[in-house]
Structures are given as C-alpha cells and as structure tokens.
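Down below is the structure, laid out as structure tokens.
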Amino acid sequence: MRGTAITARVGLALGVAVAVCFVTGLISHFIQHPQPWFFWPTRPVWLYRLTQGLHVISGIAAIPLIVVKLWSVWPKLFERPVIGGFVRQLERASILVLVGAMLFQLSTGIMNIAQWYAFEFFFTTSHYAMAYVAAGAVLVHIAVKLPVIRRALGEPLEQPSGELPGVPGLSRGLTRRTVLRGTWLAVAVATVATAGQTVPLLRKVSVLAPRTGQGPQGVPVNRSAIAAGVLRTARSPQYRLTVTDGAVSRAFTLEDLQAMPQVTHRLPIACVEGWSVDAEWTGAVLADLLATVGASPDSDVRMISLEPPGPYSRTTLPARHVRDSQTLIALRLNGEALDLDHGYPCRLIAPTRPGVLQTKWLSRIEVVP
Ligand SMILES: Nc1nc2c(c(=O)[nH]1)N[C@H]1C(S)=C(S)[C@@H](COP(=O)(O)O)O[C@H]1N2
Ligand SMILES: [Mo]
C-alpha cells in the first residue's frame with residue numbers, strides 16, 4: 001500500500017496546511033512584535049479570530065497528515081547505504097531537518113494550547129525561529145522532489161490490476177484509496193474535535209478542544225485575578241486609573257469612568273492559543289479618555305496593569321487601534337459589571353487584537369512620546 005502515489009497526495013495536503021500555518025503564525029508574530037512595514041487593520045473585528053483559529057486548526061490537521069506521510073516512506077528511511085554519496089547525504093540531512101523541525105513545531109504548538117509548559121525554553125521565540133527552519137526545509141524538499149512529485153501525482157492511485165497474479169481477491173482488501181480516505185477522515189475528525197474552540201457551531205462536538213466557551217460571564221479566563229496577584233489592588237477603594245500624556249495626567253475612579261459616555265460593541269476575545277469567543281463589551285471609548293488629557297490620537301499608547309511586572313502586565317497599543325471608535329476601556333461584559341477574573345475594574349478590549357494584548361486590571365494608560 002505504500003508508495004509515492006500516497007506520499008505525494010498526502011504531501012500536497014500537508015504542504016497546504018503548513019503554508020496556512022506558517023503565514024497565519026507570522027501574522028500573529030508581527031502583531032505582537034510590530035515592524036514598520038507590517039500593516040494590521042482594525043476591521044473586520046474578527047480578523048485575528050480567523051487567522052489564529054486557522055493557525056491552530058491547520059497545525060492540528062497537519063498531525064495525521066505527517067503521520068501518514070512518514071508511514072508511507074518508512075522503509076526508505078532505513079534503506080542502505082545509510083549515508084551514501086554526497087547528494088544522498090544532502091538529501092537525507094535535509095529530510096532529518098524537515099522531520100525534526102515539523103515535529104518540534106507541532107508538538108510545542110500542541111503543548112502550548114494544552115498549557116503544558118514542560119519545555120524549559122521560552123515557547124514563542126523558539127516556535128517562531130523554528131518556523132523558518134521548517135518552512136525552509138519544506139521548500140528545499142519540494143524543490144528536490146519536484147520531478148518525483150509530478151510523476152506521482154500523475155500516476156493512478158492503484159497499481160494496475162494483475163500485480164498480484166492468481167490472487168484475485170487480494171487487491172480488493174486494503175487499497176491505497178482506503179488509506180487516503182482514512183487519512184482525510186482522520187484530518188476531519190481531528191479538526192472537528194478541536195475547532196469548536198473557535199467555531200461556535202462545533203462547540204458541542206469538539207470533545208478534545210482544550211477550551212470550551214466556559215467561564216464567568218460566558219467567557220473563558222486565561223489568568224485569574226488570584227494568579228495575577230491583583231485581588232487586593234483591584235478591589236481597593238484607592239483604585240485609580242491614571243491617564244498620562246507627558247506632563248499632563250488625570251486619575252479616574254471607577255465612578256468617574258462610569259460617568260463617561262458608555263458604548264457597547266460586540267468584540268471577540270481571541271487567544272493566541274486558538275480559542276475565541278464573541279462577547280458584548282461596554283465601557284468608555286479609549287480615544288475619549290485620551291482626549292481628557294489632550295493627547296493626540298496619532299500616538300501609540302502603553303497599557304499598564306495592576307499586575308506585578310511580567311510578560312503580560314504591559315502592552316503597547318498601536319495608534320491605528322488607539323484611534324478606533326471600537327477600542328474600549330471596558331467596565332461591563334455581557335450586560336454585567338466586569339468579573340474580577342476578566343479584568344475588573346477595567347480592561348482593554350480592541351478589535352483584531354490577540355487576546356494576550358487585551359490587558360486586564362488596567363492601572364495606567366500612557367501616551368508613548
Ligand atoms: N494583566 C493581564 N492581562 C491579560 C492577561 C494576563 O495574564 N495579565 N492574559 C491575556 C490573555 S493571554 C488573554 S487570552 C486574555 C483573556 O481574557 P479573559 O481572561 O478575560 O478571557 O486576557 C489577556 N489579558
Ligand atoms: Mo491568551
């Protein structure tokens with residue numbers, strides 16, 4: 001049943017999944033590490049929900065594909081000579097890099113969405129760096145194998161009958177067509193079993209999704225107020241939200257914020273881990289708040305949390321998002337006062353932002369000079 005006819009067809013699907021995964025991964029990386037040339041729009045508001053959902057879905061779909069592809073060439077990996085001449089050495093080394101990089105990407109990605117940080121290295125930098133290794137190895141592999149791929153895709157899937165002379169029933173058993181159908185089915189099952197963390201329609205059947213839509217006020221929680229160490233400061237009567245632009249500074253109590261014009265928008269929380277949910281957020285428009293200190297709407301703005309300094313306690317919001325009328329300092333979620341775990345007294349919620357940049361428990365908003 002093994003053979004290039006299977007390898008090339010599964011490889012084609014794997015190539016598509018890897019390409020989608022690579023591009024959407026780069027998008028997520030450059031939103032979090034902005035470059036002058038990178039343009040990330042604020043509309044449609046669900047754009048990051050789509051790209052990051054696709055990132056995780058395509059990564060998960062790639063797993064059965066890589067398993068079948070490896071199976072289809074398994075005996076070749078142990079062919080003699082193990083090393084051989086220079087060209088053969090190069091080919092085998094490139095396949096080692098390819099398989100190693102892909103397995104690294106898929107396993108660290110899966111461990112990350114399961115929040116199992118068993119690895120000692122920092123996830124995002126290694127996952128990002130290895131993405132180029134994997135993508136480079138895929139391109140080299142496709143270039144080297146192009147003649148074989150073309151031939152194999154042109155070949156019929158099944159061997160001509162008569163290959164097993166005198167054993168009529170045998171070719172009717174497990175065929176390559178069955179292997180391929182099984183592969184597509186495995187991809188479909190893996191996708192449906194996890195995609196519900198992004199696609200509401202699939203929520204009920206996504207039995208393996210790391211996150212359901214559950215949590216206070218219908219929204220999952222990534223880091224709770226206890227874990228972030230903000231239980232006391234968030235509930236303190238001394239709480240103030242300080243807004244500063246250079247020398248100008250104003251401190252707002254929660255009542256001050258509530259007294260400002262309130263607007264409601266339907267915006268998703270879309271975690272980099274792939275889960276996302278839509279919710280109704282109510283609060284003050286960030287641009288209105290900045291206007292009270294006379295800030296120009298064309299600057300980036302730093303969001304600082306009550307949370308002690310750490311990777312998620314402060315983020316920078318680009319000017320395009322600062323200006324946007326749907327960027328809110330939210331006080332309410334789905335019609336109720338914001339739950340402590342969702343960022344009470346107030347949190348940032350902006351369109352097309354990765355969840356990790358929607359800073360909770362805000363204490364300071366600073367215009368970046
Ligand atoms: N201060 C602070 N804000 C934070 C985080 C955090 O750890 N600390 N986690 C972020 C992440 S990773 C996500 S996905 C969203 C989730 O928001 P939720 O917990 O309200 O669903 O909050 C973001 N805001
Ligand atoms: Mo997140």
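Every number in this text was worked out from the coordinates using simple rules, so none of it is lab data. All of these numbers come straight from a predicted model, not from anything done at the bench. Cβ coordinates were reconstructed from backbone atoms using ideal geometry, including for glycine residues, and neighbour counts include every protein chain displayed.
By other beta-carbon atoms within 10 Å, ranking Val87, Val73 with the fewest at the front produces Val87, Val73.
Shape annotation for the stretch 218-367: C-alpha extents along the principal axes are 38, 31, 30 Å, from largest to smallest. Along its three principal directions, the equivalent ellipsoid of the stretch 31-88 from the Cα gyration tensor extends over semi-axes of 41, 18, 6 Å, largest first.
When Tyr128, Tyr344 are sorted by how many other C-beta atoms sit within 10 angstrom of their C-beta, beginning with the fewest, the order is Tyr128, Tyr344. Comparing Gln326, Gln35, Gln197 in a Gaussian network model of the chain (Cα springs below 10 Å), the most mobile by mean-square fluctuation is Gln35. Ordered by the count of other Cβ atoms within 10 Å of each Cβ, fewest first, Glu91, Glu255 give Glu255, Glu91.
Counting only Cα atoms, the stretch 226-308 measures 40, 31, 24 Å along its principal axes, largest extent leading.
Would you calculate a helix-derived [θ] at 222 nm for the chain, using -39,500 (n - 2.57) for each DSSP H run of n ≥ 4 and dividing by the full residue count, to the nearest 500? Working shown, then result.
Numbers: 10 runs with 166 residues, N = 369.
Calculated mean residue ellipticity at 222 nm is -15000 deg cm²/dmol.
Comparing Cα centroids, the stretch 182-227 and the stretch 239-283 end up 27 angstrom apart. Among Ala234, Ala62, Ala270, the residue with the largest mean-square fluctuation in a Gaussian network model of the chain, with springs joining Cα atoms closer than 10 Å, is Ala234.
Over the stretch 209-277, Cα pairs under 8 Å with separation of 6+ residues give a relative contact order of 21 percent. The chymotrypsin sites (Phe, Trp or Tyr not before Pro) found in the stretch 9-110 that occupy coil by DSSP, while having at most 11 further C-beta atoms within 10 Å, are Trp37, Phe39, Phe78. On the principal axes of its alpha-carbon atoms, the chain has extents of 88, 44, 34 Å, going from largest to smallest.
By a straight-distance test (C-alpha under 21 Å), which lysines pair with Lys69 as possible cross-link partners, with residues fewer than eight away in the same chain excluded? Leaving aside lysines fewer than 8 places away in the same chain, those within reach of Lys69 are Lys145. Separation of the stretch 14-71 and the stretch 297-369, taken as the distance between their Cα centroids, equals 24 angstrom.
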